[in-house]
Amino acid sequence: MVVADTSKIAEHLVLLTRYGAPLLESLVAVKNLAGMPSKSNTAPVTPVLKLFKDPSLLVVAKAFSKKFPDTESVNKQSKEYKEFVDAFKEVKEELRPIYQVFSALVDFVENARAVLNACAQLTAVNLDVNPDIAEHFLFLAHYLATSLLTVSKMGKSKKAIAAAVIVLDARTGVVLDSSFSKIADLFVALEKPYQFISEVFAPIGPKITSFLSGLKIEMSLGPLATFEVLRKAGIFGVVGMACADPNLPTVYDTRLRMITHMSMYAQSVLTVLFACPQEVLSDSNAATLLKLAISSGTFTGLANNETFQVQAEFDALIKSNGKLSKLKSIYTDALTRQRQSALKFHKDRRQFISHQLFHLWKLCQDRPALLGPKFAQVLGALTFARDEIVHYFIYADEQASRIVQKGAPKQPLELDVLRLLHVMLNVRRLVRKHERMIRTYTCDLLATTFLGSVTEAFDALDGLGSVPDGVKAVIHDLRATYTAGSIDNPSAFKAFRLNWARLQVFFSLPETLVPINSIPHITKILNEVAEKCAWIDDFDHVVTDHSDLRQLFQFRGAILTHIDESLTDPTPPACEGIMDFVPALAQDFCLNVSRPREEVVKAGVEFLQDAMSRLATYVGTLMFRIVQQKVAFERKARLDGIALKTKQATSEPLTSAESALNYATNPCRGLEYEKACLVAALAVFSDAAEIDCEHFTAKTWDYLVQVITRHLEQFVQWSVFDHEVNALKEPPLGDDMSYAIHLPTSILTAYETAFYEIKALMAPLPDFPVEVLFTSVLTSQNSETNKSTFSETIPENLFYKPSGKSRKGARTANMAVPFPVSLGNYYAELLTSRALSSGLVMSETMGTLVSPLRSGAGGSTTGGAIGAGPTGTGANAGKDTSGAGAAGATGPEPFRPEIYFDAQQLAALARLMGPTGLAFIDTRIVKYITAIGSQLVAQINSLVAAGTVLETSTGSAGTTGGIVGAAGVPAAITTNMAKIKAVDDFMERLTVMGALMDARTALYRVLARELDTTVRPFYRMVITCSRAAWMNRDGAGGSKERSSTDDITDATNLYPGTWGPIIAELDRDLDCAFEFMKQLSPGHNSVTILTAVLATSLCVNTFSDAIAYNVALEASPNNAHSMATAIHAMVSRGLPKWDATLQIDSVEESLITMVCEWLLPVFRAKLTETKELRDRDVESVFLILHRLTRMSGAAGEEWLERYAGVGLVKWVQSNMIRRSAHYRRRRLLGSRGNVFDDDTE
């Protein structure tokens, strides 16, 4: 285009300048996309286009670039060329948009050169008289220089692409593009880019250099000024603004106008002076300005991720033209100063603008009316902040690459840049919110305040003589558009600006009789009016142009790193503003044209998701840190977790939270601080529950729900374990369990505390579904799918007995499994393999399992407990192994598993695990019952196979001499024990099996009580709250559709009627466990031997020193009461499996008869007061027998009365009660004394 009509210079200048920015971005995108592998590449190139990825097509592409622009000389008979032709559709589809960019480039270069050459002929190019023409002249020159430099960096790939498109067009019959010759000429000229750029700028060099030289002072006081200069100038000062008249506009200032386009001025100074090196050498002011621009470092970013490498470009320029060697001293000195001071220079500027912009934001937020009169200040502050933010990330990226390449020390992150970003985007949001008010105020300002001055200017223009008719028409249109302009007719203001630009060109022409410098009173007022007109007719573009952050697209990772760092920063509030600037940044990224549209939108959404996930993670981590502290305080207040630490409980004072309330170590100080940070973070989610951008919509609560759900799952698992004990290398208090857990009541307390604490912490989000989340986590953890976790194989060493050596290493607590699994495994281990060492017994009085192993407390410490078994007849005769004798024992106290079977603990366990969870434990118990029973049956079968004949009566009743031996053992029992041989092992297995069955009964007794009363109160409370919240979400009554809480209700089996089948299934499981009785050898002799062995095992307890009755526990220390359970189960449940026609009542009667016949002589012998016989504890065995008969129902009671006598049973019971009362009065927990203790003492 040749500008023949001078009236068109203004239009072309404005249009080309606005066209330059997107063209430059497109060229940068093409440069990033069109990388062609070559030996000359200094860095490896990953090809993207098919033309360069396919090896065969790459050969053709290299041939095109080598022969360019002569495409006909390429070998068209080669195999590669044929493949290239065959793939023409795919290749053209990729290359056509790139070719269109090249075509647009040559048009832009041609038109820009013509317009710039025309502008160089103007008599005046000055910001004071014709700022619009001067700015567009400078900025268009900048776009021209950077576009040519960018294309020159593309290498040979640009030639290959252009040639390929033309060849394929010719093959498909498309008319040859006329722009190809221009593209070819440009690409050939750019083989020597610096020489070509110098030729392009030679005609305009003197004019534009002269213009820039005149800006040296303004640049040093404006765009390139230090923060001290800006502070003293008060350009962004808000002092007095609160009291200012809203109708008083900001005074027009050239420096403020330059700051409003700060990055463009800084970049243009560098690139234009780079394109005019000869003028720089001849003009000292231009050289000084170049030094200032380089040393300040504000020039770096050009477009997207493209930067101007000062040293590399100037070195290449000097290398291409040796006459420019004097430039080296200019830019090297400037680069040295930049390395020394640029970092502090920009950091101070960022701090300055951050404070100024923050005050401006708060003031205008309180008084939005100030946005109108101070809009010029606001735009300048937005631009200043945006450019400093972009510069920071560009500089940080360069530093990071330098660290990777040269191992330089890592620079600390400047987290204040996030605060500046937050404030800047808040100001932009405030401006957009009050767009109508700003435009209305500006329009009213032009119609009132400026009306008189503008009218005088128009009259002065009309009074000018020697003005061509065409110019008079423009002046007339200028007056008309100003008068017609309004908020509803903004296009008139656009026409006004264009007409004024035409007049600026006219009065700047050499042939004009009225030079523009001679009418300053006119230009000053119309320049200010033209600037304000843009705020009315082009408001969106003005705001976007001054606050657009799309250049940060390539620094997404760095921004996320800063966010992560800010969330770990101890200074509050750590997360302030993250939610504010993240959505706005994501939306700005979606406007970036440096990549394909879909990829950009996807990247923007991913950035938003990553940032929101980080913030939600921060909130979740902080929240559950608070919850864990609250749980720890609650447990400490209730003494949960301390009961197991005997050493601390006995020898160290118990401390509470109040004991630490001092200034230095107060644990609540950190808690209150974390709460403050959490409140600030939740306020962010409260302010933006949903982010609605142009290209996507995101619900911020979704991220918070995911994170809190994940933390809840970890918390409910974490709360189960006693981490302090698990961290010890040696088990405390004789505990040989695989891991330590808290008591179920403590766990339930932790869950309830966590629920109420989270509910309180989430108060800023009243509609947040805490109940639904908590309930869903608990129910998902306690589900049927977890049952497989309990289906483990039984260990080979079923009756595990820990050795005397201490186990080394931390415990194997696995917090990755659901909490019912951990609880179930612990209780299953406690009730099965570990029960042998912990000494579990059944207390009918307490209705739960307890342990008699208590050193120093009067309990028995003999080996006769579970795991030791009876030691044989008279093995420990005469030895005092009672609690009284062991009271002075030292060493660690044995593990006391009875605290886990307290009624309250079992009730809490039932609430936590429910029927399904307890059924999981039952699967392990049933396996052990089956395994133990199989071993018992195998022992019976061995006796049957050997033809063993056992005694089933005492022989001759009524005498003592031949019946009871010297040790007080009936002859029949002695005979049977000798024939059975391994009677101790049989008793041990029998008592363990009974203990497991009693434990099972205790669990489901508590479960039944929970079902009938509270209906799992914690779950019910959570679900009730969640149901109420859901029903009220749409107003009164809510929706009648099925809700998610209905599914939760079903999953937790809230209603007692649904538990009936589970209980029935558990009974069936126990019946199935006694299938081992089918292994019993056939024949009636097997039943006889089984009955005799069971009776012998029960009576042997009479002659074991370990049978001492513990008054405090109301149970036998060797689990003999549980033996009665096992005996009755084997007879009543097991034998019908073996023979369904067998008369079970007769077998039970025969068993009770044998026991009574063997024990009555011993009891009568005790009355002779023979010392050996007085030591026999017949009372405890009679109590066990009494329990066995009660299990058999009314018939069992009748058999006991018939064979033992009611008087004897009542007498035994009364003596046990009397002795229990006696030892309670003496404050003793138990003794091995006999029924006549009171008489002998």
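For the stretch 165-218, which fully contained helices (runs of 4 or more DSSP H) count at least 1 residues that are at pLDDT below 90 and in the same structural domain as A293 (by TED's automatic domain parsing)? Don't jump to the end; show me each part of the working.
On the way: elements: 179-189, 193-201, 205-213.
Answer list for the stretch 165-218: 205-213.
Which of (1) closer than 26 Å to A202 by Cβ; (2) in contact (Cβ under 8 Å) with a residue 60 or more places away in the chain; (3) of a type in the set (G, A, S) is the odd one out, the single condition A163 does not satisfy?
(1)
Could you list all residues from the stretch 1182-1239 that are assigned to a loop (DSSP other than H, G, I, E, B), surrounded by fewer than 21 Cβ atoms within 10 Å (Cβ to Cβ) and at pLDDT 50 or above?
G1193, G1205
Cβ contacts < 7 Å: first residue closer than 14 Å to W1199 by Cβ, restricted to the stretch 1137-1150; second residue part of a loop (DSSP other than H, G, I, E, B) and modelled with pLDDT under 85, any location; separation 6+ or different chain. Result?
What qualifies is E1148/S1192.
Got at least one residue in the stretch 121-133 being buried (at least 18 other Cβ atoms within 10 Å of the Cβ) and within 17 Å of G20 (Cβ to Cβ)?
The answer is yes, given that some residue of the stretch 121-133 is buried (at least 18 other Cβ atoms within 10 Å of the Cβ) and within 17 Å of G20 (Cβ to Cβ).
Which members of the stretch 719-742 meet the condition of being under 15 Å from Y900 (Cα atoms) and at pLDDT 70 or above?
Passing the criteria: V720, F721, D722, M737, Y739, A740, I741, H742.
If the requirement is being at pLDDT below 75, assigned by TED's automatic domain parsing to the domain that holds L13, among the aromatic types (F, W, Y) and touching a helix residue (DSSP H, G or I) at 6+ places or on another chain (Cβ under 9 Å), which of these qualifies: F64, F88, F68, F108? Give the steps one after another, and end with the answer.
Working: F64 fails: at pLDDT below 75; F68 fails: at pLDDT below 75; F108 fails: at pLDDT below 75.
F88 is the lone residue from the list that is at pLDDT below 75, assigned by TED's automatic domain parsing to the domain that holds L13, among the aromatic types (F, W, Y) and touching a helix residue (DSSP H, G or I) at 6+ places or on another chain (Cβ under 9 Å).
Yes or no: N1085 under 20 Å from K979 (Cβ atoms) and either modelled with pLDDT of 85 or more or buried (at least 18 other Cβ atoms within 10 Å of the Cβ) (or both)? Write out each step before concluding.
Values: under 20 Å from K979 (Cβ atoms): yes; either modelled with pLDDT of 85 or more or buried (at least 18 other Cβ atoms within 10 Å of the Cβ) (or both): no.
No; evaluated as a whole, the condition is false for this residue.
State whether one or more residues within the stretch 794-806 are at pLDDT 75 or above and of a type outside the set (A, V, I, L, M, F, W, C).
First pass over the stretch 794-806, keeping only residues at pLDDT 75 or above: none.
For the stretch 794-806, residues at pLDDT 75 or above and of a type outside the set (A, V, I, L, M, F, W, C): absent.
Could you grab me the full set of residues in the stretch 923-951 that are at pLDDT below 80 and either surrounded by fewer than 19 Cβ atoms within 10 Å (Cβ to Cβ) or closer than 30 Å to Y826 by Cβ (or both)?
Across the stretch 923-951, the qualifying residues are T923, R924, A946, G947, T948, V949.
Quick check: is even one residue across the stretch 1114-1122 within 30 Å of N941 (Cα to Cα), touching an Asp or Glu at 6+ places or on another chain (Cβ under 9 Å), in the same structural domain as G1205 (by TED's automatic domain parsing) and modelled with pLDDT of 80 or more?
No, the conditions are met nowhere in the stretch 1114-1122.
Among the residues of the stretch 310-331, which ones are within 48 Å of the chain's Cα centre (by Cα) and surrounded by fewer than 15 Cβ atoms within 10 Å (Cβ to Cβ)?
Q311, A312
Can you pull out the residues in the stretch 609-641 that are aliphatic (A, V, I, L, M) and modelled with pLDDT of 80 or more? Step through it out loud before you land on a result.
First, pick out the residues of the stretch 609-641 that are aliphatic (A, V, I, L, M): 611-612, 615-616, 619, 622-623, 626-627, 631-632, 637, 639.
The answer is A611, M612, L615, A616, V619, L622, M623, I626, V627, V631, A632.
Does the stretch 379-387 contain at least one residue that is modelled with pLDDT of 90 or more, among the hydrophobic types (A, V, I, L, M, F, W, C), within 42 Å of the chain's Cα centre (by Cα) and under 23 Å from L560 (Cβ atoms)?
So far as the stretch 379-387 goes, yes, one or more of its residues are modelled with pLDDT of 90 or more, among the hydrophobic types (A, V, I, L, M, F, W, C), within 42 Å of the chain's Cα centre (by Cα) and under 23 Å from L560 (Cβ atoms).
Results for (1) outside the structural domain of F384 (by TED's automatic domain parsing); (2) of a type outside the set (V, I, T); (3) part of a helix (DSSP H, G or I); (4) farther than 21 Å from D132 by Cα, shown as yes or no for each residue.
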residue	(1), (2), (3), (4)
Y482	yes, yes, yes, no
F496	yes, yes, yes, no
E511	yes, yes, no, no
T523	yes, no, yes, no
V529	yes, no, yes, no
H541	yes, yes, yes, no
R556	yes, yes, yes, yes
I559	yes, no, yes, yes
H562	yes, yes, yes, yes
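Would the stretch 19-26 turn up any residue that is of a type outside the set (A, V, I, L, M), within 15 Å of I161 (Cβ to Cβ), surrounded by 16 or more Cβ atoms within 10 Å (Cβ to Cβ) and at pLDDT 75 or above?
There is at least one residue in the stretch 19-26 that is of a type outside the set (A, V, I, L, M), within 15 Å of I161 (Cβ to Cβ), surrounded by 16 or more Cβ atoms within 10 Å (Cβ to Cβ) and at pLDDT 75 or above.
Within the bounds of the stretch 932-950, is there any residue that is over 30 Å from E1149 (Cα atoms) and in contact with a Leu (Cβ under 7 Å, 6 or more places away or on another chain)? Can you show your working first?
Here is the first cut: in the stretch 932-950, the ones over 30 Å from E1149 (Cα atoms) are none.
No: the stretch 932-950 contains no residue that is over 30 Å from E1149 (Cα atoms) and in contact with a Leu (Cβ under 7 Å, 6 or more places away or on another chain).
What's the number of the only condition in (1) crowded, with 20+ Cβ neighbours inside 10 Å; (2) at pLDDT below 90; (3) outside the structural domain of V684 (by TED's automatic domain parsing) that C533 fails to meet?
Failing condition for C533: (2).
Taking the conditions exactly as written (in a helix (DSSP H, G or I) and either buried (at least 20 other Cβ atoms within 10 Å of the Cβ) or under 49 Å from the mean Cα position of the chain (by Cα) (or both)), does L148 satisfy them or not?
Values: in a helix (DSSP H, G or I): yes; either buried (at least 20 other Cβ atoms within 10 Å of the Cβ) or under 49 Å from the mean Cα position of the chain (by Cα) (or both): yes.
Taking the combined requirement at face value, the residue satisfies it.
The values are calculated or read from the model by the stated rules, or taken from the named source; none is laboratory data. Computed from a predicted structure; not experimentally measured. Neighbour counts run over all protein chains shown; Cβ positions are idealised from the backbone, glycine included.
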